[in-house]
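Take a look at the structure below.
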Amino acid sequence: MLKRLSNRLSESVSAKSLAVFRIGVGLVLAWEAERYLRRGWVARYWIEPDFNFQYTLFRWLEPLPGDGMLWLFYALFVAAILVTVGLFYRGAMAFFLLGFSYAFLLEESRYLNHTYLICLLSFVMLLVPASRTWSLDALLFPRHPTVPAWSVWLIRFQIAVPYFFGGVAKINPDWLRGEPMRGWLSNEQDVPLLGRLVDEPWLAYLFSYGGLLLDLTVIPLLLWRRSRPFAFAALTIFHLTNDRLFNIGIFPWIMLLATTIFLEPDWPTQLWRDLRASPRSTAPLVVIGAIATTGYAWFLKGGVEPVPLVIALSSGAVLGWVFVARPSESSASGSHRKNVQLRPLVATLLGAWLLLQTLAPLRHFLLPGRSSWTEEGQRFTWHMMLRSKSGDLLYLVTDRATGEQLEVDPAEVVPDWQHKELVDSPHMILQFARYTAERFAAIGFPDVEVRAISRASLNFREPQLMIDPNVDLAAIMPSLQHADFIMPLVTPLASDSQAPQ
């Protein structure tokens, strides 16, 4: 069985789907770097702050001095353009991977699932020969326009991971009761058409269970040709709606364009063949798909930026074609090149990567408490838009020598974007407590006790204490272990507490 699997993964397939994916991802990466520069995010997140919240394993990382971070993002933009056109592809992809991952790991309060996904995709794209065709590298250094099948399946696997584990994470008591979706929808009265229904009780359950089922089933439905058109259409509506309802940056767009990687490896050739062979039956659906997808996105938001516009048009056109496509088995391979057997070292590395990506999202099951409350195991596990959390925070600093006590409001020390994440995260609260102790030591108070008065609300519950107010946080070292200073979640959902007994 292993030999048959190895032979299947070693088959030579057309490089065209991988080339389209490279071009689309390169455009999105360039757009992301450009957004950071255009909107002043580089200075806001890495140059202006006096304090950066650090990941436990990466406390040794520091932002580049001066305008170094600005120059880094200019270089990332250039690297993304090189990836798009396929010039010096491997070097450009390696630089983007290292540079963007470095920026990502500098500030924990800026953790976003789509930035994490960019780091992972950059890594796997570095491994695959995505510039074999439709690239400047292919013009300068001609190669056979095929790739081993494992390279396509590796990209498919990496895209499947957020869907599947995002669905697994939704199997939790709050989500199954319609929270926090009910609370989110109640604030969306201005959404076209949907705004009239946001107070309907069934709508929260439709969104909650619909999202859960889509996440868990969409990948096999995309891989099965008979269900593929409907899965493709469902994903298109899903991502465009999410882009309107939630502020999740490039995530809907990169996942929408990634849908094409689940088609046959030579689908661009098949699309062109069908347009030439039967234009009357194919062209109208291609045009209708492009117009419908773009129109829906425009209708929801009142406008679309250039890169999302290109993705909406092209993915809609492909969606229209998928409904009439009849791919043949012979066209699926798209190559007569002799297969290159998967080397043992490559197979081992790929297996290790797949195992890591499978086990890491499950680690929160090994930790006590609910991860959406403790935030332990919440990062790097595809817990996407699963909880709504708010709170307030005050530190009590006591000088052990004199007994004098002072109050420290972190909102007066860190900017709003850091404070918003700080009040939600026990481990960031711990980091800031230690930073507060260091600040007091610098002005002549070397022995202080720092306690936190932290109250938080999870999924619109009544607020409760999140941090034990009797614990000296300055004496605790950050670690990957469960934090005993986190109070257990005991407050019921508002909908449960209001239910008749």
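Taking every alpha-carbon pair under 8 Å whose residues sit at least 6 apart, the chain reaches a relative contact order of 16 percent.
When you count the other C-beta atoms within 10 angstrom of each residue and take the mean per peptide, 289-295, 52-58 line up highest first as 289-295, 52-58. If the segment from Arg363 to Ala401 were pulled out straight at 0.36 nm per residue, it would be longer than the present Cα-Cα gap by 9.4 nm.
Solvent-accessible surface of the chain, taken per residue with a 1.4 Å probe and all protein chains present: 47 Å².
Please give the helix 68-85 orientation as an angle from the longest Cα principal axis of the chain, in degrees from 0 to 90, rounded to the nearest 10. Helix 68-85 sits roughly 20 degrees off the main axis of the chain. Stretching the chain fully between Tyr205 and Ile47 yields a gain of 52.6 nm (0.36 nm per residue, less the alpha carbon separation). Round to a whole number: what % of the accessible area of the chain belongs to carbon and sulfur, probe 1.4 Å? On the chain, the fraction of accessible area on carbon and sulfur atoms equals 64 percent.
From the largest down, the range 397-496 spans 50, 28, 28 angstrom on the principal axes of its Cα atoms.
A viscosity of 1.306 mPa s and a temperature of 10 °C, combined with the Kirkwood radius over C-alpha pairs in the Stokes-Einstein formula, give the chain a diffusion coefficient of 64 µm²/s. Within straight-line reach of Lys16, meaning a Cα separation under 19 Å, sit the following aspartates and glutamates at least 8 residues removed in sequence or on another chain: Asp137, Glu264, Asp266, Asp274, Glu329.
Extension gain, Asp190 to Ala494: 0.36 nm times the residue separation minus the Cα-Cα distance gives 107.0 nm. If the reach is capped at under 28 angstrom between alpha carbons, list the lysines near Lys170, excluding any in the same chain fewer than eight residues apart. Straight-line reach from Lys170, under 28 Å: Lys301, Lys389, Lys420. Label-to-label distance, Ala441 versus Asn7, with points set 7 angstrom from Cα along the beta-carbon direction: 6.5 nm.
The values are calculated or read from the model by the stated rules, or taken from the named source; none is laboratory data. Source: prediction; values computed, not measured. Note: ideal-geometry Cβ built from the backbone for every residue, glycine included; neighbour counts use all protein chains shown. To get the accessible areas, we keep the full protein, side chains included, count just its heavy atoms, and leave off ligands, DNA and RNA. Shrake-Rupley method; radii C 1.70, N 1.55, O 1.52, S 1.80 Å.
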